[in-house]
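**Student:** Here it is: the structure, laid out below.
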Amino acid sequence: MEGVYALCVGILTTCGFFLVLRARTFTVVIGLTLISYAVNLFLFASGRLKLDGAAVLGQSAEYADPLPQALVLTAIVIGFAMTAFVVILAMRSRADLGNDHVDGQVPEDVIAQQTKVSASDKRNG
Amino acid sequence: MQHLPILPILLPMLVAVLMLLPPFTNSINRQRLFAVSAMIILIITSALLLLTSHEQGTQIYILGGWQPPFGIALVADRLSTLMVLLTSVLGLGAQLYACAGEDKEGMYFHPLFMFQIMGVNGAFLTGDIFNLFVFFEVLLIASYALLIHGGGKQKTKANVHYVILNLIGSSIFLFALGILYGTIGSLNIEDMANKVPLLGEHQQALAKAGGLLLLVVFGLKAALLPLHFWLPKTYAAASAPVAALFAIMTKVGIYSILRVHMTIFGEDAGALASIAVPWLWPLAFLTIIMGAIGVLASPSLRLTAANLVIVSVGTLLLAIAMQREAATSAALYYMIHTTLVTGALFMIADLISKQRGKAEDRFVIARKMNHEKLIGIAFFIAALTVVGMPPFSGFIGKILILQAAEGMTEIVWVWPAVLLAGLACLVAISRAGTTIFWRSTGESTSAESISPLKIIAIALLLSASPLLVVFGDPVTDYTNLTAAQLHDRTPANEFTHTGGDQ
Amino acid sequence: MNLLWVVLLPLIGTLVPLLTDRYGRNLCTFSAAILPAWSLALVLMYAGDVFDGQDIRQSIEWIPAMGLDLSFRLDGLSLLFLLLILGIGLLVILYARYYLSAKDSMGQFYAYLILFMSAMVGIVISNNLIQLWMFWELTSISSFLLISFWSHKSEARKGARMALTVTGAGGLALLAGLLLIGSIVDSYDLDTVLANGDLIRSHATYPIALILVLIGAFTKSAQFPFHFWLPHAMAAPTPVSAYLHSATMVKAGIFLMARFYPALAGTDLWFIIVSLTGLTTLLLGAYIALFKHDLKGLLAYSTISHLGLITLLLGLNSELAAVAAVFHIINHAIFKASLFMAAGIIDHESGSRDMRKLNGLLKYMPYTATLAIVAALSMAGVPLLNGFLSKEMFFAETLNQSILGSLSWMIPLLATVGAAFSVAYSLRFIHDVFFNGEPIDLPKTPKEPPRYMKVPVEILVALCLLVGIFPAFVVEDLLNIASSAVLLHASPAYNLAIWHGFNWPLFMSALAMVGGVTIYYNRRLLFQFQSHFEETDAKHVFEGVVQAIVDFSQRIIRFFENGSLQRYAFILILFSLLMAAFPLLDLTQSRGSRPQIPLDGVAVMGAFLMIFSAIATVIWHRKRFIALIFLSVVGLIVSLVFAQFSAPDLALTQLSVEIVTIILLLLALFFLPQSTQKESSYRRMSLDLLVSVLLGCVIGTICFAILTSPLNTISDFFIANSKTGGGGTNVVNVILVDFRGFDTLGEIVVLGIAALGIFKLIAKMRIYIPTRDDKGRPWGNDPHPMMFELVSQSLLPLALLVSVYIFLRGHNMPGGGFIAGLITAVAIIQQYIAHGVLWIKPRVKIDYQWLIAGGILIAMATGLGSWLFDKPFLSTWFDYFDLPWVGEFELASAMLFDLGVYLTVVGAVMLILANLGKLTTSERLEIKENS
């Protein structure tokens, strides 16, 4: 089980960071959200995995480590606040700068490349 | 007075919240009055706290009466109280400056400002590493909101970079915390410090990874090369009072490095002793160089100031990397000096840019300024201070750091780095000054007058420069004691066994 | 502490002229002179003791931590320099009174001048290395202000900057040198340093220290190759040149060498460097001086050359040479000051300094001319004038040295050559200016200056004669004590007579005279020869170099800080990867000893689904809507995972946050492009992929290693104390509201600030409402479907009920304020979606901002409540009560705290979503700044 769990965390991390490295704000936001999932799972894992441990007293003799759970809860909330802010910031930057590129303007080389692509598309279709 | 240690957090928080409610929320003047008076009280409180911890030893405030390491404890020792006091003084300066009008350019300035102060103070005072994360987030989210204060393309643009980079940083912070809890099994910094030497081989490697990841996070805050890229444009874009307040932000990173990597991974952490140092040496050195190059390259005074921040960060971390009491003490003195003066410099840059029309604060020929003499004097003092020329505080900090390096092999690159950076600043700033003040065309057209508040604010921060020289002896005494306290941990970590009042 | 006053008085005096400026020139001048004069008087008071051989030391501690004391000494050398600095300084003040024009701000000028004077005084009476350096830098700064006094002139600004940069760099080198010396003798006290000369000279770092100190001295004293700044400092008003380049600024370097003579001199290294530098400078200066058409230019280079002469003397391996050096310091100061003043008068009265125009001034200003001629002759070293004596000694010393071994004979020869040139340019100064036909189109016809403008010159020239004729009577004592201060013991026997009989020095002087005359007579040839080399203007070279450096740094910065977030993020992630990966290399095997949980099908399915949708999110990230859907799937499974591993609270929270987040993202997507065009190059893609995969592997490995290794943690404490100490059976919730309530407080603050910040963002947002998506399909025109309205309306009370339930049970069962808050918020949002803002506005009359504030306030108040019971912040209280019908129930302060959390969450979420929603409607204009 632990192996699979770790695998999931790893893959979420990978996907998240890859998307964060993209050039458009919305994609970056999605990436950040994925990362926060990974982070929460990771933080949760620091308390080890318990299948049927109780978080509430008196349910069973086995207890899951409650502290990481509390930490993850805090992390989730803060993560939510941050995601919300960055999303609106993305909208604001689109409004102010007229595009949703993370640098506020699309670099020349990219524009050139795109025009080439679109031109080729026209030829094909 | 048993609650003194928590006041620097609760006071700004309370003020901020109250300012969101009637009767303050709709009257900027009430907010100003309230905020400024609160900040003055905060300064007094911080000063009291500093004296208390100075005379009666480290104050530990146990929240909810839950013994550390189980509950969260605030640790008000010499270092944290010093930082808190520094923050509130800088805060007052920035706030006064804002009250001259900047605070009207957007909503929630004063509440956000207070929240920012709360976050910074919390980060300085807390003795619990997850709580440190929480306060990091508080001060970050506040800074995100403050950064766009005033609006404009530049701010939005800079903010996107700043926010995204810091969000990545925060998630790395959490990864690191997960690792540390998963290996050490505790969150209280002192307790962790006690447990780290006892870790097994398997755990050690993991904990080391955690510790180094924390270095990344703090390095990002502190603008340590190669994580400094966000700083120049962000600081240059921020409105003057915000930029001035941000002068403390990099110090939060540096402080955390001092705290975490000198306590948890300090000299007596066994196999994990001072894991950060081998990285700090080269990076701090390169940071200084890069900062100096940036200073030379800066086309405007704001950018110059921003790059000066980077230089100071490099210098500080270089001193910290020395891991000597003398060096740490020197670093602390330098930190006080650089924080306050950089803050003032951002304000001066703002004054200048408001008086020179389109040229703003760029180094080009422009129309004459209105209050040339006044601004000129302020700039002159600030310039001498940051360049490290006598008779102002800069040279003392510099010399202390140079002296601290005596007898180390690293001296062969510490000295050249610090001295040459000083020379670069001298060249750059003398060019800047002569251009801005002397290469003016025609007479000043604008009747743009300077609000006395702004002058008071700048005077307040700049006065630190001569005062730090005149009272150099008491200040250095204090920093020496602080460094001593930091370097031998025995007095501080008693509480994990004794504990406070339950 | 009277010595302190010697420097303090002029320092205070800096302010005086600024205050008296408005009361007219005379008063300003007079008042400016008072305090320096007073300090001079103090010095003279002490002079007696010093002449009796008792030096004076006084000091007070200042910053012991850095070894900086206020420590002063008054010995022969200090006395000599003090007399020069203060004496000539006062003369310059008087002179400037007449030199400055009405336009110049006299107060400012005097302020700078006196500041500079104080700095010089400070240097020469310092008895502490760091204090000395302090004043040293102060001279650089104040000279910068003086040279740039006419700041509207470009050459003044450039000259000043050049001087500041060169001397400033020297200052830094000096600092390093002094610190090294200090660490060698383990004290910054000058006496200690001078006493431990042998220790210093034998120390390994001596060569470095020596070179650093010498760099400091050479830059200040304009020694080759640092001499270039001095001529450009001539852009300053002439009184400044008369002061800086005769007695003070440039002499500071000489003073430094003389001061440290006992500590640093005496090694071959010293002699070679110092003497050769001096010799080169001497020849270079003397040669170039001849070709300068500008009066001040000629004097500037002659200054350089004479400084070279003094340096050379200090570098000659004999004590008498040192004596000669001191002697020449005096003489040069006197005649050079008078010459600069004379040049100033000529400039002032004739409007030009060009020797090609200035001719035959003798008949226009005979009196000034006479003074100038005498001074110039002294500079040339003509008998009966002071310049002659020191030059004789100089020649004598060049003869009995052996530093160049078998080549030593060259030094006297070259010295004579140099002397010949100095005769030549002195001749040129005299002949070109005062004789040689008629003036050529001068701006105004020359005349004698005002009476008192000549007084300083008269005094100085008189000194030239007195010293020249009665040396033994006038200067011998002063020279004795000064040189014994340099040598640290009584100076060797010498005889200050004009006539020593026929000997080599006399022959050399004669030779120099003849040579000088011949050179001047055949100057045409030389000028022709010189004209073949085009003159390089150091100013332009210097500016060019600086500019080049700036451009270079700008290129570097542009290369690194290219403003691309993708690069910065990449570096950040790469750096984290390295930091996390390196320690793992020591980890022999990641699997720890902890027993693992066996796999089951459900888990595998879930894992597969999660992995699939995560990867799908990446693959379809350009189709943003699809990506969003896959993202939400991941989120859902995450909450299932929490549920699976016995964390119900997390599951609930994750679920509710998930919903809100997705609503938020959908709303945002409405304003953002619905798709991303392909733009990253394949190279970037693969690089990014590589790094993120590696980081994923590292994180995964660490996660696995942690999961499989045992842990002893502090958590048992919480389980043990949850009920007894926190009054709740839901340990996680008790941790949140009690054990670590402070975190939660911070967390809701973060939420609140985020809401405020977002409102701030929305308030100034001027974004257009897309009417159709980017495929051109129009957005649905029926925003509020009937069906939906009814359902959601009927759902509202239910939802609120649920949230109340969740809230109340929170302390003992999974739930709590946060989840309850989100549920409430979602319920209200649903109303917004269903009915639209217009319908809601009259019905919901809550200011969400107050809700946030109130929530935080309540939470805080709960914490503060414990103060009443003298408990620390956030100490909790709880008790059980029994009511009829209700049965036993619990009241806990933690519940109040949780209420705060609840309100904040509702307020924050609503503030965000409601206003964001408004953007889509006509209500958008309603969003206004309320401050």
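**Student:** Per residue in the range C:716-743, which ones lose no less than 30 Å² of accessible surface when going from chain alone to all protein chains (1.4 Å probe)?
**Tutor:** Listed in order, they are C:Phe717, C:Phe718, C:Ile719, C:Thr729, C:Val731, C:Val732, C:Ile735, C:Leu736, C:Phe739, C:Arg740, C:Phe742, C:Asp743.
**Student:** In Å², nearest 100, what accessible area do chains B and C bury in total when the solvent probe is 1.4 Å?
**Tutor:** Roughly 10500 Å².
**Student:** Would you mind putting C:169-179, C:477-487 in packing order, based on average other-beta-carbon counts within 10 Å, highest first?
**Tutor:** By packing density, highest mean first, the sequence is C:169-179, C:477-487.
**Student:** Please list, by residue number, everything in the range B:263-285 whose backbone N is under 14 Å from a paramagnetic label point 7 Å out along Cα→Cβ of B:Glu410.
**Tutor:** It comes to B:267, B:274-285, nothing else.
**Student:** Show me you know the interface measure: the accessible area buried between A and C, both chains summed, probe 1.4 Å, in Å² to the nearest 100.
**Tutor:** For chain A against chain C, roughly 8900 Å² becomes buried.
**Student:** Across peptide C:148-160, how many C-beta atoms of other chains are within 10 Å of each residue C-beta, on average?
**Tutor:** Across C:148-160, the average partner-chain Cβ count within 10 Å equals 2.
**Student:** Over both sides of the A-B contact, add up the buried accessible area with a 1.4 Å probe and give it to the nearest 100 Å².
**Tutor:** Buried: approximately 2800 Å² between B and A.
**Student:** State which helices in chain B qualify, where a helix is a whole DSSP H run, it must extend 18 Å or more along its own axis by its Cα atoms, and its mean Kyte-Doolittle hydropathy must be at least 0.5.
**Tutor:** B:28-56, B:78-99, B:109-125, B:129-147, B:153-184, B:201-222, B:277-297, B:301-321, B:325-355, B:372-387, B:411-438, B:452-470
**Student:** Cut-off under 17 Å on the C-alpha distance; same-chain residues fewer than 8 positions from C:Lys454 excluded. Which aspartates and glutamates are left, in chain and number order?
**Tutor:** Answer for C:Lys454, where 17 Å is the Cα cut-off: C:Asp347, C:Glu349, listed by chain and number.
**Student:** Give the angle, between 0 and 90 degrees and rounded to the nearest 10, that separates the Cα long axis of helix C:786-809 from the longest principal axis of the Cα atoms of chain C.
**Tutor:** On a 0 to 90 degree scale, this one is about 80.
**Student:** Continuing with the same structure: I need to check one value: relative contact order of chain C, counting alpha carbon pairs closer than 8 Å and at least 6 residues apart, in percent.
**Tutor:** For chain C, the relative contact order is 8 percent.
**Student:** Something else: HN-Hα J couplings of the range C:301-314 from phi, Karplus 6.51/-1.76/1.60, θ = phi - 60°, integer Hz, Gly and Pro as x?
**Tutor:** 5, 5, 4, 3, 5, 5, 4, x, 4, 4, 4, 4, 4, 5
**Student:** For the range C:308-429, which whole-number percentage of the solvent-accessible area (1.4 Å probe, protein heavy atoms only) is attributable to carbon and sulfur atoms?
**Tutor:** 70
**Student:** In percent, what relative contact order does the range C:277-329 have, based on Cα pairs under 8 Å that are 6 or more apart in sequence?
**Tutor:** It comes to 38 percent, rounded to a whole number.
**Student:** Can you tell me how the range C:345-479 classifies by the Cα gyration tensor, rounded, prolate or oblate, using a/c under 1.5 as the rounded cut?
**Tutor:** In terms of gyration-tensor shape, oblate.
**Student:** Students often get this wrong, so check it: of B:Lys373/B:Lys454; C:Lys292/C:Lys391; B:Lys373/C:Lys292, which have C-alpha atoms separated by over 26 Å?
**Tutor:** Long pairs (Cα-Cα over 26 Å): B:Lys373/C:Lys292.
**Student:** Hey, what's the Kirkwood Rh for the range B:95-205 if you take every pair of different alpha carbons, in angstrom?
**Tutor:** That comes to 16.1 Å for the range B:95-205.
**Student:** P(r) for the protein assembly as shown, please, calculated from all Cα pair distances in 10 Å bins and given in %.
**Tutor:** 1, 8, 14, 18, 16, 12, 10, 8, 6, 4, 2, 0, 0, 0
**Student:** Going by average Cβ density within 10 Å per residue, which order do the peptides C:536-543, C:387-394 take, highest to lowest?
**Tutor:** Answer by packing, highest mean first, reads C:387-394, C:536-543.
**Student:** Another question about this same structure. What accessible area per residue, rounded to a whole number of Å², is obtained for the protein assembly as shown using a probe radius of 1.4 Å?
**Tutor:** Here the per-residue accessible area is 33 Å².
**Student:** A further question on this structure: Could you list log10 I(q)/I(0) for the range C:303-407 at q = 0.10 Å⁻¹, which the Debye formula gives when each Cα is one point scatterer?
**Tutor:** For the requested q values the scattering log ratios are -0.37.
**Student:** Accessible area drop of at least 40 Å² (1.4 Å probe, protein heavy atoms): which residues of the range B:135-159 qualify, relative to the chain alone?
**Tutor:** Buried-area filter returns B:Glu137, B:Ile141, B:Ile148, B:Lys153, B:Thr156, B:Lys157.
**Student:** Of all beta bridges DSSP finds with both residues in chain B, what is the antiparallel percent, to the nearest 5?
**Tutor:** If we restrict to bridges inside chain B, about 80 percent are antiparallel.
**Student:** Turning to a different aspect of this structure: Could you work out what % of the accessible surface of chain B is carbon and sulfur, using a 1.4 angstrom probe and leaving DNA, RNA and ligands out of the count?
**Tutor:** Carbon and sulfur together cover 65 percent of it.
**Student:** Taking 0.36 nm per residue of separation and subtracting the Cα-Cα distance, what length does fully extending C:Tyr805 through C:Leu399 add?
**Tutor:** 135.3 nm is the gain from fully extending C:Tyr805 to C:Leu399.
**Student:** Assuming a viscosity of 0.692 mPa s and a temperature of 37 °C, what translational diffusion coefficient in µm² per second does Stokes-Einstein assign to the range C:67-184, Rh being the Kirkwood radius over Cα pairs?
**Tutor:** Stokes-Einstein gives a translational diffusion coefficient of 211 µm²/s.
**Student:** Rounded, prolate or oblate: which fits the range C:647-782, taking a ≥ b ≥ c as square roots of the Cα gyration tensor eigenvalues, rounded meaning a/c under 1.5, else prolate when a/b beats b/c?
**Tutor:** oblate
**Student:** Mind checking which lysines have their Cα closer than 20 Å to the Cα of C:Lys841? Skip sequence neighbours fewer than 8 apart in that chain.
**Tutor:** Straight-line reach from C:Lys841, under 20 Å: C:Lys918, C:Lys928.
**Student:** A follow-up question, please. Would you list, by chain and number, the aspartates and glutamates whose Cα falls below 15 Å from the Cα of C:Lys251, excluding same-chain residues fewer than 8 positions away?
**Tutor:** C:Glu137
**Student:** Another question, if that's okay. Mind pulling the angle between the C-alpha long axis of helix C:268-289 and the longest principal axis of chain C? Nearest 10 degrees, somewhere in 0 to 90.
**Tutor:** Between helix and principal axis, roughly 70 degrees.
**Student:** Need one value for B:211-222: mean number of C-beta atoms belonging to other chains within 10 Å of its residues' C-beta atoms.
**Tutor:** 3
**Student:** In addition: Rounded to the nearest angstrom and ordered from largest down, what semi-axes does the equivalent ellipsoid of chain C get from its C-alpha gyration tensor (root of 5λ)?
**Tutor:** 86, 33, 30
**Student:** Give me a single rounded figure for B:291-298: the average over its residues of other chain Cβ atoms within 10 Å of their Cβ.
**Tutor:** Taking all residues of B:291-298 together, the mean is 5.
**Student:** Roughly speaking, to the nearest percent, how much of the range C:101-177's 1.4 Å accessible area is carbon and sulfur?
**Tutor:** With neighbouring chains kept in place, the figure for the range C:101-177 is 59 percent.
The values are calculated or read from the model by the stated rules, or taken from the named source; none is laboratory data. All values derive from a computational prediction rather than experimental measurement. Positions of Cβ are generated from backbone atoms using ideal geometry, with glycine treated the same way; all protein chains shown enter the neighbour counts. Keep in mind that these areas ignore ligands, DNA and RNA; they rest on the heavy atoms of the full protein, side chains included. Shrake-Rupley method; radii C 1.70, N 1.55, O 1.52, S 1.80 Å.
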